[in-house]
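Here the structure is laid out as structure tokens; the discussion comes afterwards.
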Amino acid sequence: MKHHFSIIITLMIFIFIHTTVAAQADTGKPNITILATGGTIAGSSASKTDTTDYQAGSLGIQTLIDAVPELNHIAHITGEQIANVDSNDIDNHILLTLSKKVNQLLSQNQQGVVITHGTDTLEESAFFLSLTVKQSKPTVFVGAMRPATAISADGPMNLLEAVTLAASPQAQQRGTMVVLNDRIASAFYVTKTNAVSNDTFKAIEQGYLGLFINGQPKFFYTPAAPIDQVYFDVSQLTNLPRVDIIYVHQGQDATLLNAAISAGAKGIVIDATGNGNMPKALEEAVAKALTKNIPIVITSRTGAGYVSNKKQGISSGFLNAQKSRILLQLAIATGANLTQIETYFDHQR
Ligand code: SIN
């Protein structure tokens with residue numbers, strides 16, 4: 001009897017020590033919030049082989065979290081559904097909500113924030129946050145090219161890597177990043193380069209920041225920000241101005257540019273040929289728009305390189321059309337004049 005009693009006491013002490021140590025280890029885990037917006041990572045289809053004709057943005061954040069129990073080994077996870085849409089339907093309101101929310105969370109007790117997002121416009125939202133979140137802690141965008149219901153869906157591993165990165169001390173001072181297919185990229189430069197492949201997010205000239213090996217981030221360099229990165233305070237903004245993109249091709253005239261201005265565009269991005277070139281008829285219309293103080297940014301439809309042609313408008317440097325549109329929206333929204341806008345784009349050189 002006495003023997004049984006001492007075994008029970010020993011067991012109770014063991015359980016007490018074990019749970020105390022476990023609790024201590026648990027409180028040592030960082031807090032990570034996952035903000036969900038939809039996309040293919042939350043996509044589903046009736047067929048496991050369907051990788052193109054599925055419904056994006058149909059599963060909720062808790063379903064995504066529950067599919068990867070390993071997330072809970074890395075961090076205290078909180079999930080919040082900001083939207084559940086195809087990323088083509090991400091609007092100014094969602095962008096501003098995301099930015100304000102991330103700034104708030106990172107100013108509090110969150111170690112990092114992960115944002116799940118459709119890949120089609122992920123680079124636009126990620127660039128927007130890279131220009132509007134000024135924090136030493138990381139924001140990590142993640143998506144997937146295959147829906148959650150597909151055989152060999154990439155979403156669960158991408159999500160695990162994104163949370164691992166957001167929780168990593170090595171991710172500090174690196175701003176907003178994008179994780180997909182084991183690659184870590186700067187949100188400032190990365191772009192979607194392939195319509196269907198898992199290996200789609202690349203920064204052609206600038207390369208990657210690092211990659212994942214065996215579940216752990218390996219960076220190539222010490223933390224750095226893009227040269228002269230600009231920041232905008234959007235805390236008081238409730239909307240963003242209309243800025244349209246016009247794609248240049250042979251035989252184009254002034255019709256679309258004039259239509260954009262009539263529709264109320266406060267700025268225009270011309271996705272020009274080569275080093276910022278366009279047909280004469282459009283060039284004349286650009287010159288006319290500039291006399292009306294409408295800022296016009298010239299990008300290159302080639303998809304890489306540097307636009308230096310300053311014959312007309314503001315050249316975008318390394319920024320592509322969709323990123324230039326975001327920067328122009330923010331510049332106009334915060335009251336920049338033409339000279340200041342030029343300076344913002346000059347800072348990209
Ligand atoms: C989307 O961008 O929402 C759909 C496509 C994707 O996430 O890959």
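Sequence gap at least 6, Cα distance under 8 Å: using those rules, report the relative contact order of the chain to the nearest whole percent. Each step should come with its number before you reach the end.
Details: 724 pairs, mean separation 45.8, N = 349.
Over the chain, the number comes to 13 percent.
Estimated at the nearest 10 Å², the accessible area of Leu328 is 0 Å² with a 1.4 Å probe. The charge dipole of segment 243-345, taken about the Cα centre with unit charges on the Cβ atoms of Lys, Arg (+1) and Asp, Glu (-1), comes to about 100 debye, rounded to the nearest 20. Among Pro295, Pro138, Pro69, determine the one that fluctuates most according to a GNM of the chain built with springs between C-alpha atoms less than 10 Å apart. The residue with the greatest mean-square fluctuation here is Pro69. Largest accessible area first, the listed residues Lys311, Lys266 line up as Lys311, Lys266 when surface is computed with a 1.4 Å probe on the assembled protein chains.
Can you find, among Ser107, Ser44, Ala162, the residue sitting farthest towards the positive end of the charge dipole of the chain, where Lys and Arg contribute +1 and Asp and Glu -1 at Cβ? Final value for the positive-end residue is Ser107.
When a/c reaches 1.5 or more, the comparison of a/b and b/c decides; with that in mind, is segment 57-144 rounded, prolate or oblate per its Cα gyration tensor? Oblate is the answer for segment 57-144, as a/c is 1.5 or above yet b/c matches or exceeds a/b. Counting only DSSP beta bridges with both residues in segment 243-345, the antiparallel share comes to about 15 percent.
In the elastic network of the chain, a GNM with C-alpha springs shorter than 10 Å, the most mobile of Gly267, Gly43, Gly335 is Gly335.
When a/c reaches 1.5 or more, the comparison of a/b and b/c decides; with that in mind, is segment 243-345 rounded, prolate or oblate per its Cα gyration tensor?
Details: a/c = 1.59, a/b = 1.11, b/c = 1.43.
Oblate.
The solvent-accessible area of Phe220, taken with every protein chain present and a 1.4 Å probe, is close to 110 Å². Of the DSSP H helices in the chain, those that are both long (alpha-carbon extent of 20 Å or more along the helix axis) and hydrophobic (Kyte-Doolittle mean at least 0.5) are 2-27.
For the set His73, His117, His249, the ranking by accessible area, highest first and with no ligand, DNA or RNA atoms included, is His73, His249, His117 under a 1.4 Å probe. Calculate the length of the line joining the C-alpha centroid of segment 142-187 to that of segment 213-242, in whole Å. Segment 142-187 and segment 213-242 have Cα centres spaced 15 Å from each other.
Panel note: the C-alpha atoms of the chain, placed on their principal axes, show extents of 101, 43, 36 Å (largest first).
For Ile245, the solvent-accessible surface computed with a 1.4 Å probe is close to 70 Å², ligands and nucleic acids excluded.
Would you mind computing Rg(Cα) / (2.2 N^0.38 Å) for segment 113-226, counting N as its residues? Intermediate values should be presented prior to the final figure.
Values: Rg = 12.8 Å, N = 114, 2.2 N^0.38 = 13.3 Å.
Segment 113-226 yields a ratio of 0.96.
For segment 28-219, the extents of the C-alpha atoms along the principal axes are 42, 38, 37 Å, listed from largest to smallest. Highest GNM mean-square fluctuation among Leu237, Leu35, Leu327, for the chain modelled with Cα contacts below 10 Å: Leu237.
Before rounding to the nearest 500, sum -39500 (n - 2.57) across all DSSP H runs of length at least 4 in the chain and divide by the residue total; then give [θ] at 222 nm in deg cm²/dmol. Numbers along the way, then the final one.
Numbers: 10 runs with 118 residues, N = 349.
Rounded to the nearest 500, it is -10500 deg cm²/dmol.
In this structure, the residue pairs whose Cα-Cα separation is over 27 Å, taken from Lys137/Lys323; Lys134/Lys323; Lys137/Lys192; Lys100/Lys310; Lys192/Lys311, are Lys100/Lys310; Lys192/Lys311.
The values are calculated or read from the model by the stated rules, or taken from the named source; none is laboratory data. From a predicted model like this one, the values you see are computed outputs, not experimental measurements. As a convention, Cβ positions derive from the backbone with ideal geometry for all residues, glycine included, and neighbour counts pool all protein chains shown. Heavy atoms of the whole protein, side chains included, go into the accessibility calculation; ligands, DNA and RNA do not. Shrake-Rupley method; radii C 1.70, N 1.55, O 1.52, S 1.80 Å.
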